[in-house]
1. Under 5 Å between amide hydrogens, which residues at least 5 positions from ALA217 or on another chain qualify, with H placed 1.01 Å from N in the peptide plane?
2. Of the beta bridges DSSP finds with both residues in the chain, what % are antiparallel, to the nearest 5?
3. Using the basic label-point model (7 angstrom from Cα toward the beta carbon), what is the ASP62 to MET1 distance in nanometres?
4. Per-residue ellipticity at 222 nm for the chain, helices alone: DSSP H runs ≥ 4 residues times -39500 (n - 2.57), over residue total, nearest 500 deg cm²/dmol?
5. Could you rank the peptides 1-9, 122-130 by their average count of other C-beta atoms within 10 Å per residue, with the highest value first?
6. Plugging the Kirkwood radius over Cα pairs into Stokes-Einstein for the stretch 190-250, at a temperature of 20 °C and a viscosity of 1.002 mPa s, what D comes out in µm²/s?
7. Over the residues of the stretch 121-198, compute the C-alpha Rg and express it relative to 2.2 N^0.38 Å.
8. How large is the direction-averaged shadow of the alpha-carbon convex hull of the chain, in nm²?
Amino acid sequence: MQVIEKGGENPDLVVVGSVHGDEPSGKKAIKRLLDKNPEFQKPVKFVVANEKALSHGTRYVDKDLNSSFPGNSESDKHEEELAHKISEHVEDKTVLDLHSTRSTEKPFANIKNLEEKTKDLVRSTGVENSTCFEEESGVLIEMGSPGILVETGPQGTEEAADKSLNILENFLACEGYIDGDCIRSNPDFFRHFDTVYGDWKFKASNYSKVEKGQVYATRGEDKLKAREDFYPVLMSTDGYEGKLGYKAEKVS
């Protein structure tokens, strides 16, 4: 884990990159931002999280870090011990957690609640869609107050690194941490209500409405039809093992 503080002491914002070792875009965005040497108007802490998994090019070493919080300082599992160390830096701070995904090229945000403070921070990222996962546990943004996870682009690509940097700079400018252009979005907000398991070939598009009766995934000759209207979130053919992704409803 690498921790860098800029702009003074006692930051109320922590930017985290590369929780997963196969998502180097967060680390790259943090490095590229700091290489520009911007003048910080308020203190910010930057954390490059899972350096060990990054060195191996794998999602994790022992266990998914983003299901390991708040962690355990006495665990013999790398990610559980690391989660404890990271928790000490992010607890009760605003957290911006940068990720990449296999589900869509268009950036979007995940959040833990639909409070106005959280929604306002999502607007500062500039994304067009955000889903609330109220029941997810063990995730980093659960430690934040509030926490926002942004899926910035295709996993393992320079496109994701470029978008991560753009989102990071925009967020910092909109929230007054650095000078710069600020584009605040007016995103649609969604709430997760179901998870679809099994290995399927995804046939719809994330954040595009799937109507009741529509085929949205196949497996050989088997077809998965919607039992109700919903919006796919993080659905992809090869994004998860044994899980297609999530169903959500639009709330605003």
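Any read-out appearing in this document is the output of simple, stated calculations on the displayed coordinates, not a laboratory observation. Since the model is a prediction, treat every value here as computed from it, not as a measurement. Glycine gets a Cβ as well: all are built from the backbone with ideal geometry, and neighbour counts include every protein chain shown.
1. Close amide H contacts, sequence-distant or interchain: LYS203, LEU224.
2. Working: 27 of 49 bridges.
Given both bridge residues lie in the chain, the antiparallel proportion sits at roughly 55 percent.
3. Label at ASP62, label at MET1, 1.4 nm between them.
4. On the way: 5 runs with 57 residues, N = 252.
Using -39500 (n - 2.57) per qualifying helix, the result is -7000 deg cm²/dmol.
5. Details: 1-9: 13.6, 122-130: 21.9.
Averaged packing, sorted descending, gives the order 122-130, 1-9.
6. Numbers: Rh = 11.2 Å.
For the chosen part, D equals 191 µm²/s.
7. Numbers: Rg = 14.0 Å, N = 78, 2.2 N^0.38 = 11.5 Å.
In units of the 2.2 N^0.38 Å rule of thumb, it is 1.22.
8. Working: hull surface 52.8 nm².
Mean projected area for the chain: 13.2 nm², to one decimal.
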